[in-house]
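What follows is a set of notes on a single structure, which appears directly below.
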Amino acid sequence: MKAVGVTEFGGPEALRVLELPVPEAGPGEIRIRVHAAGVNPVDAMVRRGEAFVSAAQPPYVPGMDAAGVVDQIGEDTDTDLAIGERVMAVAVVSGTHGAYAEHLVVPVESVVRIPPALSDMEAATLPMNGLTARMALDILQPPPGGTVAVIGAAGAVGGYAVQLATADGYRVVADAAPRDEQLVKELGADVIVPRGNDFAQLVRQHFPQGVDGLVDTAALAGIAAGAVRDGGRVATSAGGDSSGERGIVTQHTFVPNYAREHAKLDRLRQLAEEGRITPRVAQTLPAEQAPEAHRLMAAGGLRGRIVLIF
Ligand SMILES: NC(=O)c1ccc[n+]([C@@H]2O[C@H](COP(=O)([O-])OP(=O)(O)OC[C@H]3O[C@@H](n4cnc5c(N)ncnc54)[C@H](OP(=O)(O)O)[C@@H]3O)[C@@H](O)[C@H]2O)c1
């Protein structure tokens, strides 16, 4: 099968088209004929040898988000999915096991149907980032009707965090650069503050006691924790820490821990079906142009994901 990966870690140019054996689905597993693979920041870390490095010898195949059709069901696999059904999945990268490939084998818990109204490209932007946003909110555990602040709200994790928090009934305050204000408003944020280093002070103008929890997707937890009330929580997907400050607890998301949380993935499917979370595609490119996809991602400023077509 065709895959895209690295035989040597490096820059975007290190990504090559590879010919790899088609993997077989074992017990409890589903094989997907991948049509679309989302390109996420972690893929660049895999490419550079900074994430998911294991004892496996290269090549390494990045990719944590896949959409396509079921093309094999392993024996003793408890599923109501049928061959040919459109599905999306989260993949935990290991060696050549990643979503930048024509075929991907994943545990059945990591797979759900694609909502009929979504394209494969849109679906390939949802599982990993949606589960990360879910995990961030689960870390925060705000009280019913509580308040959540989101940094990086125009990004993939941040955007889903705004939409999931809204769906959960929380009041959401989010940051936005001027060009993103309309987008973040449409995502459902109740209050929007200008993006910048004075986030905490701006949030306090609207919530003088501080918010119950902060989702940080831009490694700003250290300076933004001032927005959080005493004893509140911070969930960061990008690093940084503010634990200890006024009893605030910071926890990092680690989405592989949610890769088999089928009910949570299925809830994302349901919310997408209801139009309450909205996957965003910035651009699609043929798989062969993965180096260009990584260059575009590194340049920043994308709104929505780049998706590789297999
Ligand atoms: N550990 C995990 O489980 C996990 C899972 C998923 C993602 N992540 C990590 O989480 C981070 C976010 O991922 P993502 O996919 O959401 O990235 P993304 O789509 O690029 O979103 C990041 C957002 O943050 C904004 N931003 C950057 N610097 C900022 C600043 N100083 N102030 C305010 N906003 C700023 C970006 O705006 P511009 O585009 O304008 O710069 C962008 O809108 C990445 O570091 C990713 O690797 C971790």
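The values are calculated or read from the model by the stated rules, or taken from the named source; none is laboratory data. Computed from a prediction, not measured in an experiment: that's the story for all the values here. Note: ideal-geometry Cβ built from the backbone for every residue, glycine included; neighbour counts use all protein chains shown. The accessibility values were calculated without ligands, DNA or RNA, using every heavy atom of the protein model including side chains. Shrake-Rupley method; radii C 1.70, N 1.55, O 1.52, S 1.80 Å.
Table for the structure above
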quantity: Two-decimal Rg to Rh for region 129-255 - Kirkwood Rh, Cα set; calculated: 0.91
quantity: Pair residue 9, residue 177: separation of 7 Å Cα→Cβ label points (nm); calculated: 2.9
quantity: Karplus (6.51, -1.76, 1.60) ³J(HN,Hα), θ = phi - 60°, over region 249-257, in Hz, Gly and Pro reported as x; calculated: 10, 9, 10, 8, 6, 9, 5, x, 5
quantity: Spacing of the two label points (7 Å from each Cα toward its C-beta) at residue 266 and residue 288, in nm; calculated: 4.1
quantity: Unit charges on C-beta of K, R, D, E only; dipole of the chain, Debye; calculated: 740
quantity: Coarse-grained scattering of the chain at q = 0.10, 0.12, 0.15, 0.16 Å⁻¹, given as base-10 log I(q)/I(0) from a Debye sum over alpha-carbon atoms; calculated: -0.53, -0.76, -1.12, -1.24
quantity: For the chain, calculated [θ]222 nm from helices alone, where every DSSP H run of n ≥ 4 adds -39500 (n - 2.57); calculated: -7000 deg cm²/dmol
quantity: Ranked by how many other beta carbons lie within 10 Å on average, peptides 227-240, 76-89 from highest; calculated: 227-240, 76-89
quantity: Contact order relative to length of region 1-127, as percent, for alpha carbon pairs under 8 angstrom and 6 or more apart; calculated: 31
quantity: Value of relative contact order over the chain, rounded to a whole percent, pairs C-alpha under 8 Å and six or more apart; calculated: 19
quantity: Long-range HN-HN contacts of residue 193 with modeled amide H, under 5 Å; calculated: 174, 175, 176
quantity: Solvent-accessible area per residue, Å², over region 180-288 with all protein chains present [probe radius 1.4 Å]; calculated: 49
quantity: Largest to smallest principal axis extent of the C-alpha atoms in region 228-276, angstrom; calculated: 40, 22, 16
quantity: Length-normalised contact order of region 129-255 in % [C-alpha pairs under 8 Å, at least 6 apart]; calculated: 25
quantity: Angle in degrees between helix 290-299 and the longest Cα principal axis of the chain, rounded to the nearest 10; calculated: 10
quantity: Cα-based helix-to-principal-axis angle, 262-273 vs the chain, degrees rounded to 10; calculated: 80
quantity: Choice from 145, 226, 159 with maximal GNM fluctuation in the chain (Cα, 10 Å cutoff); calculated: 145
quantity: Rounded tilt (10° steps) of 127-140 against the dominant C-alpha axis of the chain; calculated: 30
quantity: Heavy atoms of residue 252 accessible to a 1.4 Å probe, total area in Å² rounded to 10; calculated: 100
quantity: Amide H contacts under 5 Å for residue 234, placed H, 5+ residues apart; calculated: 214, 249, 250, 251
quantity: Most positive-pole-ward Cα, 161, 64, 265, against dipole of the chain from beta carbon charges; calculated: 161
quantity: Hydrodynamic radius (Kirkwood) for region 1-113, which is based on Cα pairs only, to one decimal in Å; calculated: 13.9
